[in-house]
Amino acid sequence: MYSSDHVVLSQVSLFEKRAVDNSIAIVFANKEYVSDGYVQNVVCSMKRLQLRNWVVVAVDRKAYSILVDVYGEHAVHFDEQFWGSQKRQSLRVDYHATPDYLHFVHLKTLFSYKLLLQTSLNVAVTDGDTFWQRNPFEFVPLGLSTNNFNDCDMWFSNDLAGMPIYNGSIRLQAGVVFAKNTLRTRMLYEMWVRLERHLYDSDANTNAAKEQPALQLALLTMNHHVAQANATLPHRTRSDELRVCLLPHRLFPAGKYLFRGSVAISDTFLADNDNTTENIYIVHASVSRKDEKSILMKKLGFWPLEEHCLEDRRERKSDFHHDNKDEE
């Protein structure tokens, strides 16, 4: 179903040109994430770290028209209609996924899979509601040789780590993913894409079709080993064993572990980190409603856009409030 030529990525050479140490960071955007400034904010945080190995992938024409004007060849367009002809609508209705949201997250997984298939690049995928405070490539050894048989294939955050309910359980968080381009990584992504589509076909109205439930199921289909990042890994006994390493939640915090409601850093995080946020590599604001995220991030110093990258915020929300017939 998902052969390597089913979706042909254009501008593959652009990604190879932008890569550093054979690694590229990609940020996915639709018109809402651009309109609200999330995409420009995470890119601003990357630029402040003097990173140049990033590309923004727009999944609708309106987002692309803005981003290509702002970022030039750092922006590409990818909008294959895998979910059928859905009228464009808001990403969410309250806390429930809409068809447009499911389309958006599926394209993230599908594009990442195709990029891994059609290049030799290692890929870092980051959600639009993230903030890069320190260079994560200094922590995650994506650019190192893939010849080490016992290396990690992929790095994820554990959504449950640091939470009161945490008892050693693992729920991989798909908002920040580091993927070394190995056969095992590509096998996981292929199954991840298939299961997203299968879950949608089974029940289009359920949140089970979202990326993270499909990811957990895909992992269960593979022979795998999960360990803490930087742990000494046992020798692989099988060549198809996927090695997943968990990013330290104190350095890559997200959700309620980091945020207390919509106003402050959680006491748990502060207690674990000597009352400082200085050691954080990437923040993922996955805790609040979308319309509250920017307010929260601004309050806590995770929003450099207006102060440092105002030139990237040239568009206005009014640009997005026209008739959307071209998006239907």
* **Residue, surrounded by the fewest Cβ atoms within 10 Å (Cβ to Cβ), within the stretch 220-269, restricted to residues that are among the charged types (D, E, K, R) and closer than 30 Å to ILE295 by Cα** => ASP267
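Of the residues in the stretch 293-303, how many are at pLDDT below 85 and open to solvent by less than 70 Å² (accessible area, probe 1.4 Å)? Explain how you work it out, then say what you get.
Within the stretch 293-303, the subset at pLDDT below 85 is 293-296, 299-300.
Those left that are additionally open to solvent by less than 70 Å² (accessible area, probe 1.4 Å): 293-294, 296, 300.
Residues in the stretch 293-303 being at pLDDT below 85 and open to solvent by less than 70 Å² (accessible area, probe 1.4 Å): 4 in total.
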* Unmet requirement for VAL59, which otherwise passes all of (1) over 30 Å from SER202 (Cβ atoms); (2) surrounded by 22 or more Cβ atoms within 10 Å (Cβ to Cβ) -> (1)
* **Positions within the stretch 235-251 being touching a Leu at 6+ places or on another chain (Cβ under 9 Å) and not acidic (Asp, Glu), in sequence order** => SER239, LEU242, ARG243, VAL244, CYS245, LEU246, HIS249
* **Complete set of residues in the stretch 98-150 that are open to solvent by 10 Å² or more (accessible area, probe 1.4 Å), polar (S, T, N, Q) and either touching a Phe, Trp or Tyr at 6+ places or on another chain (Cβ under 7 Å) or modelled with pLDDT of 95 or more (or both)** => THR119, GLN133, ASN135
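Could you check, for the stretch 185-204, whether at least one of its residues is in contact with a strand residue (DSSP E or B) (Cβ under 7 Å, 6 or more places away or on another chain), buried (at least 17 other Cβ atoms within 10 Å of the Cβ) and either of a type in the set (S, T, N, Q) or closer than 27 Å to THR119 by Cα (or both)? Write out each step before concluding.
From the stretch 185-204, those in contact with a strand residue (DSSP E or B) (Cβ under 7 Å, 6 or more places away or on another chain) are 185, 188; that's our starting set.
When the remaining residues are screened for being buried (at least 17 other Cβ atoms within 10 Å of the Cβ), the result is 185, 188.
Subsequent filtering for residues that are either of a type in the set (S, T, N, Q) or closer than 27 Å to THR119 by Cα (or both) retains 185, 188.
Within the stretch 185-204, one or more residues are in contact with a strand residue (DSSP E or B) (Cβ under 7 Å, 6 or more places away or on another chain), buried (at least 17 other Cβ atoms within 10 Å of the Cβ) and either of a type in the set (S, T, N, Q) or closer than 27 Å to THR119 by Cα (or both).
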* Asked: Take the residues of the stretch 73-97 that are modelled with pLDDT of 60 or more and assigned to a loop (DSSP other than H, G, I, E, B): which is farthest from the chain's Cα centre (by Cα)?
  -> GLU80
* Tell me, please, whether a residue that is part of a strand (DSSP E or B), at pLDDT below 80 and either closer than 26 Å to ALA179 by Cβ or not aliphatic (A, V, I, L, M) (or both) can be found in the stretch 279-290. => no
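A quick yes/no check of all residues on (1) buried (at least 18 other Cβ atoms within 10 Å of the Cβ); (2) over 18 Å from ALA19 (Cα atoms); (3) in contact with a His (Cβ under 9 Å, 6 or more places away or on another chain); (4) acidic (Asp, Glu):
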site	(1), (2), (3), (4)
ASP36	yes, yes, no, yes
LEU49	no, no, no, no
ASN53	yes, no, no, no
ALA63	yes, yes, yes, no
ILE66	yes, yes, no, no
ASP69	no, yes, no, yes
GLU73	no, no, no, yes
PHE78	yes, yes, no, no
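The values are calculated or read from the model by the stated rules, or taken from the named source; none is laboratory data. From a predicted model like this one, the values you see are computed outputs, not experimental measurements. All Cβ positions, even for glycine, are placed from backbone atoms using ideal geometry, and neighbour counts span all protein chains on display. Heavy atoms of the whole protein, side chains included, go into the accessibility calculation; ligands, DNA and RNA do not. Shrake-Rupley method; radii C 1.70, N 1.55, O 1.52, S 1.80 Å.
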